[in-house]
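What follows is calculated from the coordinates using simple rules that are stated; it is not laboratory data. Owing to the predicted nature of the structure, the values given are computational and were not obtained by experimental measurement. When we count neighbours, we look across all protein chains shown, and the Cβ atoms used for this are built from the backbone with ideal geometry, even at glycine.
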Amino acid sequence: MPAVKLILLCLVWSGTFLIAQVPAYKDPQPQLYRFQERASTIDPRVRAHPEIDFFLEKGGKPADLENASVDTRVTPQGKLVIWLMGHNGALFDRLNSYGFHAIQVHYANGWFGKLYGNHPPADDLFLSNIRLEAATGKDFTKAVDIPEPDGMMERAFQFVTWLAKKNPQANWHGFLTPDRKGLRWDRIIVSGASHGSTTAARFAKHQKVDRVVMFSGPRDQFEAWQKLPSATPENRYFGFTHTLDDGWQKDHYCRSWEMLGMNAFGPITDVDQVSPPFGNTRRLITSADVKNNAGRAHSASVPGGAAVKNAKGAYIHEPVWRYLFTHPADEVGKAVEHDNSCTLDQR
């Protein structure tokens, strides 16, 4: 028997079957590891961008903290989740229990509060290009100036490189390219909520990733990027939202889901009425009781204080969260036509 046990996973990628070898952990003391470090400590090139409300410190306290976790007691899946919002410990605990590595990066996303509006911009790719620049650090727009060290891609790469040295027994190096100059995006799931889910989807259009998991989003209701060709196969986009969420009520999410092509893989499905695997669809909704609070509804799709619990105090959407991140991408539902109740053109 070899010194390193290999777990063989059969992965589907663009219709081609590949065998991925995922090394088991060589950890003498298997445990749940959690890490937190400042982006500016990991990479001294990072900068604040006060012009878009993006800082390294606020009120004398660090604002550029990044978080990571992995559980070496759990069989590794060989996938890394990059979370594009503030750290969510409850979500990360679940991701780790599924066998995933997880990181949350601090990148230049403060532009949203400055540049997002409720009226159509002249250019229907205005926010699209800002999101791409924030995610990649490449020059996609004149509206912002975000250099590579402050974009999501480089900050994630620098963080994983740091983690590979800090926590070698957890196999973080498996997400680095052989030359250690970039990330293995084919092993990465990008995910976020609200603003973060929208950027995750936009990034996946540009960069082929393993999967996209979108909570309470995507939005950008005046934009057209959702129908652009996608580097990531369309069956790898998964969404979940609450029906009282203002973005659902105003057709922002159903619009994006259709334009992303998700209706080709099943109908919109109420998870409170249908059991897993939810007809293998990609479009999941809930109408669970949030006391008629639209603000809570917007956050209820992810683990945390707003999520709905049963009488015993357990989250009712545990099976949904597992499905979103682990359901085999090649298992899809039956395609459905355009939903006439969803307004696609909101300009």
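Numbers at a glance
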| item | result |
| --- | --- |
| Leading residue at positive end of dipole, segment 6-326 (Cβ point charges), from Ser128, Ala224, Pro23 | Pro23 |
| Sites Val74 and Asp186 - FRET efficiency at Förster radius 30 Å, r taken between beta-carbons, to 0.05 | 0.90 |
| Neighbourhood charge, 13 Å Cβ-Cβ cut-off, centred on Ile42 and excluding it, Lys, Arg +1 and Asp, Glu -1 | -1 |
| q = 0.18, 0.19, 0.20 Å⁻¹, segment 201-347: log10 I(q)/I(0) [Debye, one scatterer per Cα] | -1.05, -1.17, -1.29 |
| Label-zone membership for segment 228-252, site Asp272, 7 angstrom Cα→C-beta point, backbone N under 18 Å | 240-250 |
| Vicinal HN-Hα couplings computed from phi for segment 298-305 (Karplus, 6.51 cos²θ - 1.76 cosθ + 1.60; Hz; Gly/Pro x) | 5, 9, 6, 6, 10, x, x, x |
| Residue pairs, from the table Lys79/Lys166; Lys58/Lys205; Lys227/Lys334; Lys79/Lys208, whose Cα atoms sit over 23 Å apart | Lys58/Lys205 |
| For segment 261-347: rounded, prolate or oblate by the Cα gyration tensor [a/c cutoff 1.5] | oblate |
| Where labels lie 7 Å past Cα in the beta-carbon direction, separation of Arg45 and Ala231 in nm | 1.8 |
| Proportion of all alpha-carbon pairs of the chain beyond 31 Å (%) | 32 |
| Within-11-Å neighbourhood charge of His252 [Cβ basis; K, R +1; D, E -1] | -2 |
| Computed helical MRE - 222 nm, the chain, DSSP H runs ≥ 4 contributing -39500 (n - 2.57), nearest 500 | -6500 deg cm²/dmol |
| Relative contact order %, segment 6-326, counting alpha carbon pairs below 8 Å whose residues are six or more apart | 13 |
| Cβ-based exposure ranking for Leu228, Leu163, in which fewest neighbours within 10 Å come first | Leu228, Leu163 |
| Proxy reagent accessibility, fewest Cβ within 10 Å first, across Lys205, Lys58 | Lys58, Lys205 |
| Residue among Phe278, Phe35, Phe265 with the largest mean-square fluctuation in a Gaussian network model of the chain, springs linking Cα atoms under 10 Å | Phe35 |
| DSSP bridge pairs, the chain: antiparallel proportion in percent, nearest 5 | 50 |
| Förster radius 41 Å - calculated FRET efficiency between Ala311 and Lys26 (Cβ-Cβ, nearest 0.05) | 0.40 |
| Dipole moment magnitude, nearest 20 debye, the chain about Cα centre, only Lys, Arg, Asp, Glu C-beta charged | 920 |
| Filtered chymotrypsin sites (Phe, Trp or Tyr not before Pro), segment 47-90: DSSP coil and at most 16 other beta carbons within 10 Å | Phe55 |
| Test item: Cα-centred dipole of segment 116-179, Lys/Arg +1 and Asp/Glu -1 on Cβ, debye | 360 |
| Estimated FRET transfer efficiency when R0 is 41 angstrom, pair Gln36-Asn118 (beta carbons, to 0.05) | 0.70 |
| Charge dipole (the chain, unit charges on Cβ, about Cα centre) - positive-most of Val74, Phe55, Tyr107 | Val74 |
| Alpha-carbon Rg with Dmax, taken over segment 143-233, Å | 14.6, 46 |
| Highest-first arrangement of 123-130, 150-157, 25-32, where packing means the average Cβ count within 10 Å | 150-157, 123-130, 25-32 |
